[in-house]
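A quick write-up on the structure given underneath.
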Amino acid sequence: MRRLILLRHTKSDWPNGMVDRDRPLAERGRRAAPLMGRMLIDRGFVPDKVLVSTAERTVETWALASAGLIQFPPATPEPRIYEAAPHVLANVIRETGDDVRTLLLVGHNPGIEALACNLIADGPPDLRQRLSRKYPTGGLAVIDCAVERWTQLSAGCGTLVAFVVPRDLDPEAE
């Protein structure tokens, strides 16, 4: 069994004239990211490896989520995650070594949501429905994949264990 955690970056800003890759987080995103990091620790969802898109908003999301939490490994920048289709994300995940039991990927929609929907075949119906309706900024899915190695990752191999959004942790967050 392998555990995959898919975190969509928190709420971003889009200042005039800024290219998409350089967009920073909005104030709301800067408040939400630490909530998601603390939730991971509180619920025991601690990754062995973290892959982060090289876009500014994903890098900033993980930096704020992991700040001061020594339980997290350092992030590995992965440029292929930026604006990636689900099959590209799956290929990145399949390259993960067998020593990694829990992998966290910080990325973007629509790829993160589509990948989650493709992998999940089981789990609480209410959570599965909620995830398929909307995967908002800061949304985080924990998926247990019935595979012995990451190379075996395939459609329908996953069970949704948790789906949490910042608003679940703080009604003011998103």
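Note on region 151-174: residues that are in contact (Cβ under 8 Å) with a residue 40 or more places away in the chain and closer than 24 Å to residue 66 by Cα amount to 10. On the basis of being touching a strand residue (DSSP E or B) at 6+ places or on another chain (Cβ under 7 Å) and loosely packed, with under 15 Cβ neighbours inside 10 Å, does residue 76 make the cut? Here the answer is yes, as residue 76 does meet what is asked.
So for region 51-70 (the condition being over 26 Å from residue 26 (Cβ atoms), modelled with pLDDT under 95 and part of a loop (DSSP other than H, G, I, E, B)), does at least one residue qualify? Looking through region 51-70, at least one residue is over 26 Å from residue 26 (Cβ atoms), modelled with pLDDT under 95 and part of a loop (DSSP other than H, G, I, E, B).
Among residues of region 41-62 that are within 13 Å of residue 79 (Cα to Cα) and surrounded by fewer than 18 Cβ atoms within 10 Å (Cβ to Cβ), those with a beta-carbon under 7 Å from a residue that is hydroxyl-bearing (Ser, Thr, Tyr) and at pLDDT 95 or above at least six positions away or on a different chain give the pairs 54/82.
Condition check ((1) more than 16 Å from residue 47 (Cβ to Cβ); (2) at pLDDT 95 or above; (3) of a type in the set (A, V, I, L, M)) across all residues:
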| position | (1), (2), (3) |
| --- | --- |
| 86 | yes, yes, no |
| 92 | no, yes, yes |
| 96 | no, yes, no |
| 103 | no, yes, yes |
| 110 | yes, yes, no |
| 118 | yes, yes, no |
| 121 | yes, yes, yes |
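The values are calculated or read from the model by the stated rules, or taken from the named source; none is laboratory data. None of these values were measured; they are calculated from a predicted model. Cβ: placed from backbone, ideal geometry, glycine included. Neighbour counts: every protein chain shown.
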